[in-house]
Amino acid sequence: MLVAWALIAVSYWNALGGEFVYDDHLQVQKNPLIQSPALWTTALTTDVWSFKNADLRRSSNYYRPTFSAWLIVNYTLFRTWAGGWHLGNILLHGLATWLGFLVLRRLKIVPIGTAIITWLFACHPIHVESVTWVSGSPDILLACALFFSLIAYLKVRKEPSLKLWLLVLLGALLGVGSKEAGALFFVVIAVTEYVLSRQESLPKPFLRAAKAALPFLAVAIGFILFRYKVTGQFGASVGNTLTNASMFASIPQAIAFYLRQAFIPYELSSAYPMRTLDIGSLGFGNFWAPLFFVLSALAGMVWAIRRNPIAAIGVTFLVFVLPSFYFRALHPEHMVRDRYFYLPLFAVLVAVACSIFHDSSVEWDRFRWTRASYIGLGLAFILACQSMSYSRVWLNDAALWGRGVETDPNGTFALMNVCDALRVRNRPAEAIPFGLRSIALKPKAPRAHYIVGLAYKELHDFKNTEKHFAEAVRLGGDSYVAAKPLGDLMVSQNRLDEAEQLYRRSIKRSSSYAPAGTVNLAEVLLIQGKADEAFALLKSREADRETILIPEVQRAWFVLGRIYQAFDNSVEANKCFQKYRERTEGMMGGDIRALRDAAKLYIGE
């Protein structure tokens, strides 16, 4: 394990200097549910994206309480110090690698095979996305939880006890709470029990396997039922109109992609130019060749299992990639992602190692540095260097999405995000062409218009700023975030009546926007000199401030303070400003810091 940890250090030392990227900006920096202790219970009992909505309503099918708890722990320890979060992910990957090593030992994979599997798992470049990206931790958490549960299960088979069984089931529960694919862990347990029962010549191995799997199936079903209560759905949300036939026809090329990444990880990115297939466009290159490759790999795994039946247990970890083949729930440009193969890579490594090193009679104390082990270590070091090189891509958004555009030039998602990344880095003139290209490829994408509008705003091109903000609001979706900057632009040009109508239309159009939109509307009314109307409006939504604790709604306290100032009631104004500071304690993002400073100044502290 010392060698494995050294390989991890080589692979990821430069990640410690990385920034928050991609979803991290929302999941960490702008997620009040993990930042405020008062909201931790909400974080653990709602889906991971619920904080995006002012009323904390269901926002996605991702209910991952283990992941949410991990975010809370990291925020408590590191706040918004990105280096600490990256260190946490690296250490978590080290833990997963160690637990995987213990699984191999308990399964009595020969020492050299165990060593090489562990080394390659520790430093393989396909893991960079999960390890270097803060929000990629669900796959590592899943691996840690399920490896732990399997280790405990292998022990409880020999030494049955209630305490051990509770640990076994706790691991399974933490696994499915990390990522929905964890519900398939009962398959691993069934295969494990079947293989070991046959190896130990126990009677009725199939029946024993079924009985062993039942508690884990019960955990999965129980979690799915609770998840339904939280998200309102049993499965994944359908995000496109892909037919079942096209979805199944696309699976071979996806499997072939992951196997290629496992064996030849030479081109890695956050975006790949792979799209689902139209059933009428199947050909040799996109279907028949991948299918032949997949069938050949399957035959190789069967051969490995015949040489060493224990390999079947490791190979079963391939089941965790299956949910990623439900392409109807994925963004059309996210058909494949490296992180989906974090745990399944373990299966591939076990299959290969068991086909090469299949002498199960070798004892553990016989490990020696041989030619094979030196070759394995050399290969691991090469992969570690590749991981270290690729980790640099994830150090900031500009590098990340710049690489995405290189590998997927027509990917609207990558183009939109590189536009935003360059804008944030004060390079709006460079950013705009990427954004406009994204819009040209997908004109009805509201977020792309919003981001391009922000870039034009940096250039003080207010005509184009307003054009794109207005289009983002018109297109709808979750782009009501554009209403606020568009309203601010109108206010800056003294177009107060237009700003008022904008907010009124947006509130009427979206009930989820109403709590935050009401605050925006009240602020405009106050600027217009309609303090009484603004006060009455906020009074009518008083309950929002007590039940919806996200910053966009809590800003009502600050606006109320300004209203009371207009009423020359400094006592109540100070109470409101103080309440705003209390309610936003620990929250980051947006204009929170500036408003907190202004509130402090008004109070006179």
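The values are calculated or read from the model by the stated rules, or taken from the named source; none is laboratory data. On a predicted model such as this, the values are computed, not experimentally measured, just so you know. For neighbour counting, all protein chains shown are included, and Cβ atoms are generated from backbone atoms with ideal geometry for every residue, glycine included. Protein only, heavy atoms only, side chains kept; ligands, DNA and RNA dropped before computing areas. Shrake-Rupley method; radii C 1.70, N 1.55, O 1.52, S 1.80 Å.
One line per residue, one yes/no per condition, for (1) modelled with pLDDT under 90; (2) within 20 Å of the chain's Cα centre (by Cα); (3) farther than 30 Å from SER281 by Cα:
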{"site": "GLY222", "(1), (2), (3)": "no, no, yes"}
{"site": "THR231", "(1), (2), (3)": "yes, yes, yes"}
{"site": "LEU259", "(1), (2), (3)": "no, no, no"}
{"site": "ILE264", "(1), (2), (3)": "no, no, no"}
key: Flag for ILE382 being open to solvent by 30 Å² or more (accessible area, probe 1.4 Å), assigned to a helix (DSSP H, G or I) and out of contact with any Ser or Thr (no Cβ under 6 Å at 6 or more places or on another chain)   = yes
inquiry  = For the stretch 539-557, give me each residue that is out of contact with any Cys (no Cβ under 7 Å at 6 or more places or on another chain), within 20 Å of PRO32 (Cα to Cα) and surrounded by 14 or more Cβ atoms within 10 Å (Cβ to Cβ).
reply    = ASP544, ARG545, ILE548, LEU549, ILE550, PRO551, GLU552, VAL553, GLN554, ARG555, ALA556
inquiry  = From the list LEU77, LEU71, LEU87, LEU26, exactly one residue is over 19 Å from ILE550 (Cβ atoms) and free of Cβ contacts under 8 Å to residues at least 60 places away in the same chain. Which is it?
reply    = LEU77
query = Only one of VAL524, VAL519 is open to solvent by less than 30 Å² (accessible area, probe 1.4 Å), of a type in the set (A, V, I, L, M) and closer than 23 Å to ASN31 by Cα; which?
reply = VAL519
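Name the residue, out of LEU71, LEU91, LEU77, that is farther than 29 Å from ALA380 by Cβ and surrounded by fewer than 17 Cβ atoms within 10 Å (Cβ to Cβ).
Every option except LEU77 fails the conditions.
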ask   = List pairs: first in the stretch 285-309 and surrounded by 18 or more Cβ atoms within 10 Å (Cβ to Cβ), second hydroxyl-bearing (Ser, Thr, Tyr) and in a helix (DSSP H, G or I), Cβ under 8 Å, 6+ apart or cross-chain?
value = ALA304/SER355; ASN308/SER355
ask   = Can you tell me which residues in the stretch 447-506 are without any contact (Cβ under 8 Å) to a residue 40 or more places away in the chain, in a loop (DSSP other than H, G, I, E, B) and open to solvent by 30 Å² or more (accessible area, probe 1.4 Å)?
value = LEU459, HIS460, ASP461, GLY477, GLN493, ASN494, ARG495
query = Are any of the residues in the stretch 224-234 of a type in the set (A, V, I, L, M), touching a helix residue (DSSP H, G or I) at 6+ places or on another chain (Cβ under 9 Å) and in a helix (DSSP H, G or I)?
reply = yes
request  = Sort through LEU170, LEU154 and tell me the only one that's within 19 Å of SER68 (Cβ to Cβ), surrounded by fewer than 22 Cβ atoms within 10 Å (Cβ to Cβ) and out of contact with any Phe, Trp or Tyr (no Cβ under 6 Å at 6 or more places or on another chain).
outcome  = LEU170
task = Of the numbered conditions (1) within 30 Å of LEU44 (Cα to Cα); (2) among the hydrophobic types (A, V, I, L, M, F, W, C); (3) modelled with pLDDT of 90 or more; (4) touching a Pro at 6+ places or on another chain (Cβ under 9 Å), LEU196 fails exactly one; give the number of that condition.
result = (1)
message = So for the stretch 574-589 (the condition being within 35 Å of the chain's Cα centre (by Cα), part of a helix (DSSP H, G or I) and surrounded by fewer than 17 Cβ atoms within 10 Å (Cβ to Cβ)), does at least one residue qualify?
response = yes
